[in-house]
Each structure stands twice: as C-alpha cells, then as structure tokens.
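Here you go, one structure.
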Amino acid sequence: MTPPDTSGLEAALRAEVDGEVRFDAGSRGAYATDGSNYRQVPIGVVVPRTVEAGARAVSVCARFDAPVLSRGGGTSLAGQSTNTAVVIDWSKYCTGVLSVDPERRTCVVEPGIVLDELNRHLARHRLQFGPKPSTHSHCALGGMIGNNSCGASAQAYGKTVDNIRRLEILTYDGQRAWVGPTPPDERARIVAGGGRLAENVWINCAFSTVFAPFEEITAEEFERVTAVTYLGFVNGTRSALKRMLPRDRGTIVQVGSALGERSIPLQSAYCGAKHAINGFTSSVRTELLHRGSNVRVTVAQMPAVNTPQFQWVRSRLSKHPMPVPPIYQPEVAARGVLYAADHPGRKQYYVGASTVATIWANRFVPALLDRYLARTGFDSQQTDSVPPAGLDNLFEPVDRTPADDQGAHGAFDDGSHARSWQETLVRHPAATALGAGAAALGVARGLRRLTSRNP
Ligand SMILES: Cc1cc2nc3c(=O)[nH]c(=O)nc-3n(C[C@H](O)[C@H](O)[C@H](O)COP(=O)(O)OP(=O)(O)OC[C@H]3O[C@@H](n4cnc5c(N)ncnc54)[C@H](O)[C@@H]3O)c2cc1C
C-alpha cells in the first residue's frame, strides 16, 4: 500500500531522522529484491545511523500511515525482505556489540550486525553465536531472528530462537520494550506503570495431571491437579480482572480442552478441573455482561496437543502415556489462542476438528460415547513403549534452567498434524456449524459401527 502523501513522508523522514533517506529510483530498484525470486519496489529506503533514529523513522511512517519493513542482509529466500513499504536497512550503521558477559555467555548487540562480525568479536572470549546459516558472512542478527535461521550447526547449538534470551522490540505505534523472562518484581513494576505494556491479553493455561484410574490417585494428588489446573485459572482470572476492570478493557483467554466437555478415563482430576473451568468462566462472563463491562473472556477448547507433558506427567500406567489421536502440533493450538485473543466476542472457540467432533458427539450421544471410551480410552492413551522413569512435574517443575527447556513439541511429531482444516472454518461461523454437524455425524456413525460390534 503506497501512502497518499509520499513526498510529505520523504520530507518528514529527511527532517526528523538521523540517517540516509533514499527515495530515488536507483535505491528503490536496488532494494526491490532479496535472496529470492520476488520483486517488490519499496516506497523508499531509510538507513538509520542509530537504533533511536530507526525507531524515529518507524514513528514518522506510522504518522503517514506508511508500511515499514526491516531489513538485515536481505538474504531471505521467500521474499521476506521485499515489500511495497519503507525499507529500514539496519545493516550499515546499527552494527554494534554493546556488551559481552563471558560468564553468562550472553551478549547484547544491535540488529544490523553480521553474524561473522559478531563471531569474530566473540572469538576473543572463546565464544560464538551457535546457529550458522550458509549466509553467515552477510546475514544480520535481526534477519536471523526474523527468519529463525539455523544452518548445519543448529543440530549442535539449536536454532536462532534457542539462542535468544531477551529482545528489545519496537511496535508500529512507537512502543519499545524488552521482552523475555520477567522476574515478578519487574512485572509488578510494569503493571503498576499502566499504559500499553500493562494492558495486554491474559492467557490462562496452567495445568498438571495424573494418569491413573481414579482409585489409584491419592487425595493429595487430586487436590494438587485441581489447585493447578482449576484454581490456577481462577486466581489468574482474579489477577487479570483486578487490573482490567478499573480500566474497563482487556481480554482473558482460557485455554480449555475438549476434555472439559467430554471426560475420558484415566484423567479424572484433569477432566474435572477442565469442566470446572467452563462453569466458572460462564459465570464470570455473565457478570461482565451484567455490568456492561468491555472486558472480554473467552475459551479456546483444545484438541490433543503434542507437548512435552507426556514425558513428565505423573503416571501409574504400565505404558508410556500419549495424547488421544488425532494429535495436533502446538502451533495449531497457539494459532487458535491467538485468534481467540484477537476476537474475544465469542464465548468459545474449538481448535481442531476432533474438538468439534468430540463436543458435538457428546451433545448428541453421550451415553454411547461413555461406552466407546470405556472400550478404547485406556489403550488410546498409551503407546507400546515403557513409561519414562524418574521425575514428574506434579509438585515441582522439571525444567528449572534454560538448559532443561524441552521446547514446545513433545515426542509425537511424526503422527501430529501441523494444520487443521477446522482452523480456517473457525473464522466463518456458518461454515463451522456445518463442519461441526458433519464431523459429529461422522463420529456418531463410527460409534454406532463400533458399538454394534460390542457384544
Ligand atoms: C544461498 C543462501 C543460503 C542460505 N542458507 C541458509 C541456511 O543454511 N540456514 C538458514 O536458516 N537460512 C539460510 N538462508 C536464508 C537466509 O540467509 C537466512 O535466513 C538469514 O539468516 C537471513 O538473514 P538476513 O539478515 O539476510 O535477513 P533479511 O532477509 O534481511 O530479513 C529476514 C526477515 O527478518 C526481518 N528483519 C530483519 N531485520 C529485522 C529487524 N531488525 N527487526 C525486525 N525484523 C527484521 C525482515 O523483515 C525479514 O522478514 C540462505 C539464503 C541464501 C540466499
């Protein structure tokens, strides 16, 4: 989108930004391509002399309603660094290494520094930034972060995302903030400060579980699962509302589960807590509606997700626990939560076709589902391999240090869906209702077939 007042924009950038402002045809042509086959002629190019000047350029562009595009080495292979936008090239001047902490093995750099340059600098401390794309001699750290670059050494050192501790971000409307793990006192300070940073969406998703028949779960374990999985949401919601109600804005997303509407065997504590979340949230929602509040609360009901939980939940099963197929990758779940956060008007969202099918089948044929799950629910939650030995996370976290971090994916990458057709349908409620009906009919038919074979 070209802004209506390009010459006004150019003049303002020249007047206000410390850097090169290039709107001539030659410069625009030079920045029209990157490492890909795509070509998009930019509106203009800004080469800021400092990070502050880059931030200033963004705020001028925002004033003129002009899109912006950051650029490092411009070696992207899928057109990521070309667009009809004002290109901000960080790679010429914003190349500093601001600090190195050899003991903690961290450094702070400006976004335009080229990877080989950084590694030359770090070599004197016998350190290097691990991920090394083939373009290491001219790709920049900002671009590596944008693309989550890897390269052959990522097998040993992880991808770029695994090597970033904190990031200073700049939003289009001029907000600058450091993001990353935030200690409680710093968080309290941010929240007390109010403004954009304190506003935020609040997402409740804490949980723990015990895989075992009910009579094998102790009272203490049951209480713990309930405290984390149910009261975690209750207290999280309380905390969020304390901040959101006085400002009369904000969104709370409860990460629910299909198991909050349809319980399965071997997870009585978890299913009970997930049901309770639905009841609790409906109650809070009616209270918000009653007082005409602009605070929104919505639930994203999840399918089985391939997270590391199955390696570290407490389990008394004879085999390794697993999610009930179909299993979805965590990215499907994350996109669902993000969509719910952006569209909090609806009471709930179903993520994954299996969630839709399960919930609707339970509405139509709950007793049939009881019998189906009694027959299949024990085996479908266990693999053929032996269970993991050692620690579980019921009372203590097992990923205490960044080195223990297991990431978002569990052990079931092979059988997990990276996309869900229902994800697209969820944006179109009429189509969702049709899809849900069809899926529920499909499940009901399958159940009938199965139950008719049941003696
Ligand atoms: C021949 C060739 C080989 C390659 N080999 C590999 C490889 O082995 N492994 C690999 O992972 N990739 C590889 N790539 C892809 C690419 O080189 C890497 O992703 C590289 O790290 C991108 O860095 P860059 O500085 O060129 O990013 P750019 O292309 O400049 O930018 C990448 C993205 O990041 C954004 N961005 C840039 N700077 C900032 C900033 N400061 N703030 C916010 N966003 C920003 C851009 O808008 C864009 O979306 C290869 C590419 C080529 C052409």
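The numbers here are math on the coordinates, done by the rules we state, and not lab data. Predicted, not measured: the structure shown is a model, and the values here were computed from it. Cβ placement follows ideal geometry from the backbone for every residue including glycine, while neighbour counts extend to all protein chains displayed.
Would you be so kind as to identify which of GLY74, ALA25, VAL87 lies farthest towards the positive end of the dipole of the range 1-180, taking Lys and Arg as +1 and Asp and Glu as -1 on Cβ and the Cα centre as origin?
GLY74
Would you mind working out the magnitude of the charge dipole of the range 1-180 relative to its Cα centre, with +1 at each Lys and Arg C-beta and -1 at each Asp and Glu C-beta, to the nearest 20 Debye?
The calculated dipole for the range 1-180 is roughly 560 debye.
Calculate log10 I(q)/I(0) of the chain for q = 0.09, 0.11, 0.13 Å⁻¹, where I(q) comes from the Debye formula with a single equal point scatterer on each Cα and nothing for solvent.
Here the Debye-derived log intensity ratios amount to -0.77, -1.07, -1.31.
Taking the DSSP beta bridges in the range 1-180 as the whole, what percent of them are antiparallel, to the nearest 5?
65
How large is the helix-only mean residue ellipticity at 222 nm for the chain, computed as the sum of -39500 (n - 2.57) over DSSP H runs with n ≥ 4, divided by its residue count, in deg cm²/dmol to the nearest 500?
Calculated at 222 nm, the ellipticity per residue is -12000 deg cm²/dmol.
At a Förster distance of 30 Å, what's the computed FRET efficiency of VAL179 paired with HIS343, Cβ-Cβ distance as r, to 0.05?
0.80
Moving on to the next point. Select from the chain the helices, each a whole stretch of DSSP H, whose alpha-carbon atoms run 27 Å or more along the helix axis and whose Kyte-Doolittle mean is at least -1.0; answer none if there are none.
Span-like helices here: 268-290, 429-453.
A further question follows. Highest mean first, what order results for 327-334, 128-135 on Cβ atoms within 10 Å?
327-334, 128-135
Would you mind checking which residues have amide H under 5 Å from VAL109's amide H? H placed 1.01 Å from N; only 5 or more apart, or other chain.
Distant-sequence amide H within range of VAL109: LEU98.
How much FRET efficiency would the formula 1/(1 + (r/R0)^6) give for PHE378 and GLU331, where r is the Cβ-Cβ distance and R0 is 30 Å, rounded to 0.05? List each step's numbers first, then the result.
On the way: r = 29 Å, r/R0 = 0.97.
Computed FRET efficiency for PHE378 and GLU331: 0.55.
Rounded to the nearest 20 Debye, what is the dipole magnitude of the chain about its Cα centre when Lys and Arg each give +1 and Asp and Glu each give -1 at the C-beta? Don't skip to the end; give the middle numbers.
Values: 49 positive and 42 negative charges, 204 e Å.
Charge dipole of the chain: 980 debye, to the nearest 20.
Tell me, in nm to one decimal, what length is gained between ARG291 and LYS242 on full extension, where the rule is 0.36 nm per residue of separation less the Cα-Cα distance? Don't skip to the answer; put the middle values down first.
On the way: separation 49, 0.36 × 49 = 17.64 nm, distance 1.50 nm.
Gain on stretching ARG291 to LYS242: 16.1 nm.
Give me the number: length gained by fully extending ARG124 to GLU103, i.e. 0.36 nm times residue separation minus the C-alpha to C-alpha distance, one decimal in nm.
Full extension of this stretch gives 6.2 nm more.
If you average the C-alpha positions of the range 46-104 and of the range 320-339 separately, how far apart do those two centres end up, in angstrom?
34
Going 7 Å from the Cα of ARG39 in the Cα-to-Cβ direction, what parts of the range 66-97 have a backbone nitrogen less than 20 Å from that spot?
Only 74-87 fall inside the zone, counting backbone N under 20 Å.
Under the rule of at least 5 residues apart or a separate chain, name every residue whose amide H is placed under 5 Å from the amide H of ILE327.
Under 5 Å from the amide H of ILE327: HIS417.
Keeping to pairs on different chains or 8 or more places apart, tell me how many lysine pairs in the chain have Cα atoms under 30 Å apart.
Close lysine pairs found across the chain: 7.
Among DSSP beta bridges lying fully in the range 183-453, give the percent that are antiparallel, nearest 5.
Around 5 percent of the beta bridges assigned by DSSP in the range 183-453 are antiparallel ones.
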